[in-house]
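Step one of this worksheet: look at the structure below.
Read-outs throughout are calculated quantities, based only on the coordinates presented, and are distinct from any laboratory measurement. All of these numbers come straight from a predicted model, not from anything done at the bench. For neighbour counting, all protein chains shown are included, and Cβ atoms are generated from backbone atoms with ideal geometry for every residue, glycine included.
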Amino acid sequence: MKKYVSILKRTKLFSGVGDDDILSMLNCLNATVREYSKGEYVFCQGEYIRNLMILAAGRLHIQEEDYWGNLNILNEIRPGEMFGEAYIVPNSGPLMDDVIAVEESVVLFFDIERILTVCPSACPFHTRLVKNIFYTISDKNKSLVQKLSYMSQRTTREKLLSYLSDEAKRQNSSSFSISFNRQQLADYLSVDRSAMSNELCKLRDEGMLDFHKSEFTLSQAK
């Protein structure tokens, strides 16, 4: 577990907690580690979650697939991010979506009952941890609102520009890379891949942007 302390220290969940205290808390919270291969499911729709998770390495997609096999990527989990918090309350029901590793990944599991119950050893950082959970949930709600802003756009073009604009601002650069390939981006924005590719080419021809695979550069042209 010690090798994961450095990444946990950078997470919002363990914000303000020192290295030695994180090690103590990992034992207190009954933390476990599991590795996943690319394409392996971390959770499947219908399962029940009894843990809070942090991605230590790799990349995960939260996605849903309808009866006809149409895929919709709801969110991407990156290293240091927490997930599973929506199901930590009692009687929250089964998981509504799939969680899949899109590359080799390492996930840390924390017993939610150990987090929400007063620590028997009177751990001085337990209260901070509970507060950090609520702060993290607040940040994730903002991300969901951001995703909804993309979905509320009427056209494929508007969805693309909204998403790419936010990525440029998030990475503080007009030139940036995204983690999605073409199909994943289409699934994330809920648009047809061919229509999206055509729109990207139109935007490039109009001088709005340039791209190569997952690398984009936005211009000031209107």
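Summary table
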| quantity | calculated |
| --- | --- |
| Point-to-point label distance, GLU103-PHE134, nm (Cα→Cβ direction, 7 Å offset) | 3.6 |
| Peptides 28-35, 167-174 ordered by average Cβ neighbours within 10 Å, highest first | 28-35, 167-174 |
| Estimated inter-spin distance, ASN70 and TYR41, nm [label 7 Å along Cα→Cβ] | 2.1 |
| Three-way shape label, region 81-173, alpha-carbon gyration tensor, a/c 1.5 | prolate |
| Cut-off 15 Å (backbone N to label point 7 Å along Cα→Cβ of VAL145), residues of region 74-94 | none |
| Three-way shape call for region 174-222 based on the alpha-carbon gyration tensor, with the a/c threshold at 1.5 | oblate |
